[in-house]
1. Which residue, A:Ala209, A:Tyr225, A:Ala237, has the largest displacement toward the positive end of the dipole of the stretch A:195-237 when charges sit on each Cβ (Lys, Arg +1; Asp, Glu -1)?
2. Cα centroid distance between the stretch B:261-283 and the stretch B:52-105, in Å?
3. Report the normalised scattering of the stretch A:195-237 as log10 I(q)/I(0) at q = 0.17, 0.19, 0.25 Å⁻¹, calculated by the Debye formula with identical scatterers on the alpha carbons.
4. In chain A, if the dipole is taken from +1 on Lys/Arg beta carbons and -1 on Asp/Glu beta carbons about the Cα centre, which of A:Pro150, A:Pro110, A:Met89 is farthest to the positive end?
5. Once you put a point 7 Å from the Cα of B:Gln345 and another 7 Å from the Cα of A:Leu423, both along the Cβ direction, what distance in nm separates them?
6. Charges at C-beta only: +1 for Lys and Arg, -1 for Asp and Glu. How large is the resulting dipole of chain A about its Cα centre, in Debye rounded to 20?
7. Of B:Asp304, B:Asp40, B:Asp138, which is the most mobile in a GNM of chain B whose springs link Cα atoms less than 10 angstrom apart?
8. If all Cα-Cα distances of the protein assembly as shown are sorted into 20 Å bins from 0 onward, what percent lands in each bin, rounded to whole numbers?
Amino acid sequence: MSSPCQPHEHALSRRRMLGMLGGTAGFGSLLQPAIAREVVKQNKQVCLIWLDGGMSQYESWHPLPESQFAGPFRSIKTSIPGVHFSELMPHSAKIAHKISVIRSMSTKDPNHSTGVPRMQRGDPVNRGVDYPYLGSAVAKLLGPANPELPPYIWIKPGNGGFIHREAGFLGAQYGALALGDGQAPIHIHRPDAISAQHDEARHALRKKANERFKAYRGAAEIDAYETSYEMAQQLMARKDIFDDGKLNPRDRERYGTHPLGRHILRARGLLEAGVRFVKVNSYHWDTHGDNFNMSQRLVPQIDRPFAALVNDLDESGMLENVLVVVMSEFGRTPVINSRLGRDHWPDCWSLALAGCGIKRGAMVGATSKDGAWVEGTGYDVGDLFHTIFTVLGIHPRRTNYRHQGQKLAIAHDECRPIEEVML
Amino acid sequence: MPAHRGGDVVNRPALDIKAAWMSRELKHDRQLYRAQFSPDGRLVAAAGQDRLVHLWNLASEEPAPKSFDAHRTWISSLVFHPTEKLLFTADHHGIIYCWDYDTEMPGQPRWSIPEADRNNVRALLVTHDGQHLVSAGDDAIVKVWSTVDGRPVTQLKGHKDCVFSLAVSPDGNHLVSGDLLGSIRQWNIADSWKPARELDARLLHTRGDDFLADVGGVRSLAFRADGQVLAAGGMKEAKSNAFCPGKPTVLAFDWATGVVKNELRIMGKSDGPFNALRFLEDGTLVGHTEILHSNSELTFWQIDQVAPLHSLVSPPAYDLSLHPDGRQLLAACYVSGGSSGNGAQKRFKDNYVPNKSTLRIFSLFAKPTTEEKKTG
């Protein structure tokens, strides 16, 4: 079994934390500073929005209309003087002062099959182990923000399930509970014909059988099954999270009725309920063909709900503690191909961050005039992971995993936090 | 014995599709998406990414285009006036310009329409009588303007999504417009542009369950000279909204009944839509497709046969124009600049350039022998 070098013996239970906060207008002046820091740390949450395939930086965060590689769309002013986004992002343009954009990402992998895991694992130095994806890493390093809910939920199109592979060497229990189309896991409702007492007995029998099985065979899959059952039980107690009838119709409109809009709205609900890490996936951004017609239709599908989420978290005060990341495995080529598409471009691309110790209104990174190349400092995904861990209160150098006696860095040893985007 | 003089083919030879050959190339260092012969056949106008309207004089041995500069984004459409020396161009920002092109030095546009569309004007057409300019694009409204001054004449509403293509019937009485969703709408020009009927080309539209967007659409329309057939080009069965690969397809409609008579396919490999179609004087239909990182083909059909009559390997192309002599085709083709493909990792850093174009002129008759060229 592996464990972080800074285990969670000191972690606060939700009840204890709420008890401490009860009757106070705020915890800053009433709690011991160390405990207050711990409370803040416990509250840190993440929403990773993953646009699978690669969104074009020219058609989103970095339009460069005078570049020889520019697309046909207008660039528009943002809420930050002198900063422009593509006209396909009018809502994000209005909240530019609340977010940071890194326009000088320079990563190494131009392929999807290797690039996606490499990016979501932070591309650490190869030490012969399967590193966890970011969601599993945060679930391990911070634990659940709300012990009544799974720490890592993945909203994705298609089917759901328990995706233990994302946990890598951490072990199956740190895998992602995937919600297909953002819906509650099937069979979340206990049939009326089964009493609570019988249900409890069934679970006890299952656990006993699993333990017996584990005694003689590999444990990973059993751990995964066990974890998924426990998560299902947790969610059965919180069916209210999935009650779409409680959603404000205005919110549905603000986020959009397309899958990504619905899924980001669901993510907001999960964050409000206290899920530590929510990943939202959208597929089919790999616009090798008809990039401009497709970007015209796809980019607004992230623009609207991303801006709505940031605004909502900001208005509720949650943005102080919730980190929102919008990214892909790479950007898209400056050169426009024969099908009016753009191919894969890890050399110079953009992503957006907001909240949780991220500066408001920082536009980071210089590029060549045509946007093809980073000028000056380029940032790799290892730098991004150092940044994310740092703003979550996890020291990326002092914190390590320990796996089978081996001490493993949580992020690439040679990378560092991107100070320009951090408060 | 045929020969090219200033763009015309003199001693007009017999049409011979199977002997068609590429007789000339005009190269350009940026991608061009639209190219048309002028009505007198002596000029070629082309435009695309570099925002300039380029005009080549085909009489010149080494033609360097003169360029008209007003657009501030990619040019998406262009069309010549049939009788006046006027050229109309439109762009992705919804602006239309009218140019006096028969000038020594390119000047300012004669007039402009600043908000012809919410975004992209995807198609332009001038009616046979030269009185009306028709535009269509992203806002799904077909708009009719005066060619004299750009004054609005009327708006034709009914499409539910962006309009890609326009054509007018040979008798000049009917306009058709084709949209993303596979709807072709007929408008009666002679009766105050009233809507007449809708033809079903939904085969050219795909929206898979997991798609994030509609793919395809009626990308091209063309009437046969006898007015009995309308061809609609695009692609069917798109596999995704990412690569957007589909099966290039032409639907041949019987104009009288509005029923699809035939579904035309291509011989070779290609995965993009037919962006342009042209009928030759003998009723042969010709179209050109796109493909990713490979050669495509120029395809000829007799529309009563599914399989093509003939095809020529050619780079991906975005537009076709038929010379007024009926013996030459112009194709706006893609040429790789050498920097294509996934992820540079700095291998191109010192020479990373945009892709290019070649305007290919295909002669639709047997290639003259050396002796014929001398005497021609």
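Just so it is clear, none of the values below were taken in a lab; they were calculated from the coordinates. What you see is a predicted model, and the numbers here were worked out from it, not measured in a lab. Cβ coordinates were reconstructed from backbone atoms using ideal geometry, including for glycine residues, and neighbour counts include every protein chain displayed.
1. Highest projection toward the positive end goes to A:Ala209.
2. Here the two parts' Cα centres lie 27 Å apart.
3. -0.49, -0.60, -0.89
4. Result: A:Pro150, furthest along the dipole toward the positive end.
5. 4.0
6. Numbers: 50 positive and 44 negative charges, 173 e Å.
Around 820 debye, computed over chain A.
7. Maximum among the listed residues: B:Asp304.
8. 15, 42, 28, 13, 2, 0
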